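The values are calculated or read from the model by the stated rules, or taken from the named source; none is laboratory data. Just so we're clear, the structure is a prediction, and the values are computed from it rather than from any experiment. Heads up: the accessible areas ignore ligands, DNA and RNA and are worked out on the full protein's heavy atoms, side chains in. Shrake-Rupley method; radii C 1.70, N 1.55, O 1.52, S 1.80 Å.
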Amino acid sequence: MNKNELRYLRLKNNLTQRQMCEIIGISCSRYSRIERGYVVPTEAECEKLAKYLGICERKWRS
């Protein structure tokens, strides 16, 4: 999944970046860097993103 897909899924679910970082349990600056593609999410962050957004974790990792 690329950064544009993550942003698309967040917006599709009518969520702000702040809401996503609260759901995942990370700082807003870290989430922003993940969404912009500057930082690779940890395995735990990937699991939470995949679970909340309803996608397969393998898709996130690819």
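Structure values in brief
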quantity	calculated
Candidate set from the stretch 1-24 (those that are among the polar types (S, T, N, Q) and in a loop (DSSP other than H, G, I, E, B)); member that is modelled with the lowest pLDDT	Asn2
Selection status of Ser62, open to solvent by 50 Å² or more (accessible area, probe 1.4 Å) and modelled with pLDDT of 95 or more	no
Residue within the stretch 29-37 that is in a helix (DSSP H, G or I), modelled with pLDDT of 90 or more and more than 11 Å from the chain's Cα centre (by Cα) present	yes
